[in-house]
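The values are calculated or read from the model by the stated rules, or taken from the named source; none is laboratory data. Predicted model only: the values in this text are computed from it and were never measured. Using ideal geometry, Cβ is built from the backbone for each residue, glycine included, and neighbour counts are taken over all protein chains shown.
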Amino acid sequence: MSEGTSTYPESKPLRVAVIGAGPAGFYTAEALLKSGRQVSIDLFDRLPTPYGLVRFGVAPDHQKIKSVTRLYERTLQDERVRYFGNVEYGRDLDLAELRKHYHAVVFAVGAPTDRPLGIKGENLPGSLSATEFVAWYNGHPDYADLEVPLDAREVVVIGVGNVGIDVSRVLAKSATELAATDMADHALAALQASQVERIVMVGRRGPAEAKFTTKELRELGELENADIYVRPAEVEADPASLAVVAGDVTITKNLEVLAWFATQTPAGKPRAIELRFLLSPVEFIGTDRVEAVKFERNRLEPNEWGGMSAVGTGEFEVLPAQLVLRSVGYLGSALPGLPFDARRGVIPNDEGRVLEAAGGARVPGVYVAGWIKRGPSGVIGTNKACAMGTVASLLADDLLDLEPGNDEATLIDALLAERGVRVVDTTAWLRLDAAEVAAGEKAGRPRVKRVTREEMFDV
Ligand code: NAP
């Protein structure tokens, strides 16, 4: 293999490995398919099932968002695409092997872990990251055994982004509402028996700095099973914040919805969701399990980047909670053999081209797309433009030269077979998908998920 000089004949397909079959992986494949070049794409995922966060992140009561998988399914069925589920990069294949068999490798592995708060008591039993909780209720095989103490009556959710809203809403919904979703059976049973009465979502800055979007916020005021509470004084944005966000449509609408919440009279529903602002967590209190979270009250100050920062006032407030969900953002993880920017949780890159370090030399033939490229922000569709950008870089570049014969597609199959890897291909996935949907039809649900790898392989 020589690097950086593209001599592959135009008559032969450009072989691309895409690692990660979530939205960014699928949009990468789609952009390659539509490029007008002859391509042959192998799409790998460490889990048997494709669709990444659409299956394991998007809330189970947001089925409409999940319907994007119909487009991904079309990509999977394209004869130029092969799916390799249950194949883990770093365990079953390494970078040298990929670079030996593909002209380019695109990592679209997302941001699988959570950002720690770094405060005392954070890891007490009863304190979970929203990332884990979401993966648990969505039936991610690695989180099926998570202990979620739903005997808690009071829950604190730290962070006011859309994930914070998702987990608060799921905790607030009634047994009947949850039964209509494709939530994993273990989570459905546990949530239907939940003792939760009050969920308090807490933001460290003010309402004008909250990260959630208006549709998701509004939904909190429309729940059958929970009243919404805000404190009028807390949802009034301060003048300096208003000046910073002037003209931002989402924030303006968010503030209108919050002001409307402040006028609502509680209907006496079984559960309550309260939104609080200007409070930073400083300590989780408890001995054997979390009992409360101590917060410092903040004020806002303009910062050097033109935004608003939270500054502690030295006043404290303790909120009781027997379950705490830390929902302060996802975080990317380092991958074997690849550079990593641990502070940002991304692989350093220039428009998707992987670099040895920020501003450093390129790693030829290796690219990134999605959250591992730009960090955990944006909605599913944001990954489309992101992946298209990466594919534009890839198509403009000199790619890896492959030794004659190494471009045979079957070599990868042989290598995986030799290693005893149980590959889930498109046909096998479609069979599993059909079995889940059929089980769902019988139960009046969108699907009944098979959660463990064994249950998946049983199909
Ligand atoms: P996010 O939008 O970045 O929100 C994270 C929240 O955590 C922010 O309120 C942030 O406050 C707070 N935070 C961060 N560090 C903190 C700390 N040390 N102490 C206290 N609070 C802290 O992240 P996310 O909710 O995980 O969502 C990730 C992405 O997925 C977002 O782009 C989101 O819109 C998207 N998403 C979309 C949907 C949907 O469309 N329905 C659903 C779920 C997720 P600061 O602003 O002060 O940092």
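Taking the condition on the phi > 0 side of the Ramachandran plot and not β-branched (Val, Ile, Thr), does GLY85 pass?
Details: on the phi > 0 side of the Ramachandran plot: no; not β-branched (Val, Ile, Thr): yes.
Spelling it out, it is not the case that GLY85 is on the phi > 0 side of the Ramachandran plot and not β-branched (Val, Ile, Thr).
Condition first: closer than 24 Å to PRO13 by Cα, part of a helix (DSSP H, G or I) and in contact with a Phe, Trp or Tyr (Cβ under 8 Å, 6 or more places away or on another chain). Now tell me which residues in the range 413-439 satisfy that. Give the steps one after another, and end with the answer.
Kept after step one, since they are closer than 24 Å to PRO13 by Cα, are these residues of the range 413-439: 413-417, 423-427.
Next, from what is left, pick out any that are part of a helix (DSSP H, G or I): 413-417, 426-427.
Answer for the range 413-439, where residues must be closer than 24 Å to PRO13 by Cα, part of a helix (DSSP H, G or I) and in contact with a Phe, Trp or Tyr (Cβ under 8 Å, 6 or more places away or on another chain): LEU416, THR426.
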Residue by residue through the range 81-104, note down the ones that are assigned to a loop (DSSP other than H, G, I, E, B), over 24 Å from ARG55 (Cα atoms) and of a type in the set (D, E, K, R). ASP94
Checking ALA387, ALA361 in turn, the sole residue that is under 21 Å from LEU338 (Cβ atoms), modelled with pLDDT of 95 or more, in contact with an Asp or Glu (Cβ under 8 Å, 6 or more places away or on another chain) and hydrophobic (A, V, I, L, M, F, W, C) turns out to be ALA387
Only listed residue being in contact with a Gly (Cβ under 8 Å, 6 or more places away or on another chain) and either surrounded by fewer than 21 Cβ atoms within 10 Å (Cβ to Cβ) or closer than 22 Å to LEU33 by Cα (or both), chosen from GLY375, GLY360: GLY375
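Have a look at ARG169, ARG204, ARG198 and point out the one that is farther than 18 Å from VAL148 by Cβ and either in the same structural domain as GLY306 (by TED's automatic domain parsing) or small (Gly, Ala, Ser) (or both).
Working: ARG169 fails: farther than 18 Å from VAL148 by Cβ; ARG198 fails: farther than 18 Å from VAL148 by Cβ.
Unique residue meeting the criteria: ARG204.
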Which one is modelled with the highest pLDDT among residues in the range 168-190 that are under 15 Å from ARG445 (Cα atoms) and β-branched (Val, Ile, Thr)? THR181
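Is there a residue in the range 104-121 that is within 13 Å of the ligand (Cβ to nearest atom), over 30 Å from LEU355 (Cα atoms), in contact with an Asp or Glu (Cβ under 9 Å, 6 or more places away or on another chain) and not assigned by TED's automatic domain parsing to the domain that holds ALA24? Spell out how you get there, then give the answer.
Step one: of the range 104-121, the residues within 13 Å of the ligand (Cβ to nearest atom) are 110-119.
Checking the rest, the ones that are also over 30 Å from LEU355 (Cα atoms) come to 119.
Okay, now just the ones that are also in contact with an Asp or Glu (Cβ under 9 Å, 6 or more places away or on another chain), so 119.
In the following step, the residues that additionally are not assigned by TED's automatic domain parsing to the domain that holds ALA24 were identified as 119.
Within the range 104-121, one or more residues are within 13 Å of the ligand (Cβ to nearest atom), over 30 Å from LEU355 (Cα atoms), in contact with an Asp or Glu (Cβ under 9 Å, 6 or more places away or on another chain) and not assigned by TED's automatic domain parsing to the domain that holds ALA24.
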Strands (runs of 3 or more DSSP E) contained in the range 289-386 and holding at least 3 residues more than 16 Å from the ligand (Cβ to nearest atom) and under 26 Å from the mean Cα position of the chain (by Cα): 353-355, 362-368
Neighbours by Cβ (under 9 Å, 6+ apart or cross-chain): first from the range 159-170, more than 6 Å from the ligand (Cβ to nearest atom); second in a helix (DSSP H, G or I) and small (Gly, Ala, Ser): VAL167/ALA130; VAL170/ALA187
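Residue under question is ASP401, and the condition is that it be outside the structural domain of THR250 (by TED's automatic domain parsing), modelled with pLDDT under 95 and within 20 Å of VAL81 (Cβ to Cβ); does it hold? Outline the logic, then answer.
Details: outside the structural domain of THR250 (by TED's automatic domain parsing): yes; modelled with pLDDT under 95: yes; within 20 Å of VAL81 (Cβ to Cβ): no.
For ASP401, the condition - outside the structural domain of THR250 (by TED's automatic domain parsing), modelled with pLDDT under 95 and within 20 Å of VAL81 (Cβ to Cβ) - is not met.
Do you know which residues across the range 24-74 are over 25 Å from ALA130 (Cβ atoms), among the polar types (S, T, N, Q) and surrounded by fewer than 24 Cβ atoms within 10 Å (Cβ to Cβ)?
Taking the range 24-74 first, the residues over 25 Å from ALA130 (Cβ atoms) are 28-44, 70-71, 73-74.
If we keep only those that are among the polar types (S, T, N, Q) as well, we get 28, 35, 38, 40.
Within the range 24-74, SER35, GLN38, SER40 meet the criteria.
Check VAL81, VAL68, VAL54 and return the single one that is farther than 14 Å from GLY22 by Cβ, β-branched (Val, Ile, Thr) and modelled with pLDDT of 95 or more.
Numbers: VAL68 fails: farther than 14 Å from GLY22 by Cβ; VAL54 fails: farther than 14 Å from GLY22 by Cβ.
The conditions single out VAL81.
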In the range 301-336, the residues that are touching a residue at least 24 places away in the same chain (Cβ under 8 Å), on the phi > 0 side of the Ramachandran plot and in contact with a strand residue (DSSP E or B) (Cβ under 9 Å, 6 or more places away or on another chain): GLY329
Criterion first (of a type in the set (D, E, K, R) and in a loop (DSSP other than H, G, I, E, B)) does LYS64 satisfy it? no
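State which residue is nearest to the ligand (Cβ to nearest atom) when the search covers only the range 387-408 and only residues that are among the aliphatic types (A, V, I, L, M) and in a helix (DSSP H, G or I).
Taking the range 387-408 and keeping what is among the aliphatic types (A, V, I, L, M), we get 387-388, 391-392, 394-396, 399-400, 402.
Going one step further and asking which of them are in a helix (DSSP H, G or I), we end up with 387-388, 391-392, 394-396.
Numbers: ALA387: 16, MET388: 18, VAL391: 22, ALA392: 23, LEU394: 25, LEU395: 28, ALA396: 28 Å.
It comes out as ALA387.
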Go through GLU147, GLU209, GLU197 for me and flag whichever is of a type in the set (Asp, Glu) and within 15 Å of the ligand (Cβ to nearest atom). GLU209
Just wondering, is there one or more residues in the range 130-137 that are outside any helix (DSSP H, G or I), buried (at least 19 other Cβ atoms within 10 Å of the Cβ) and not aliphatic (A, V, I, L, M)? no
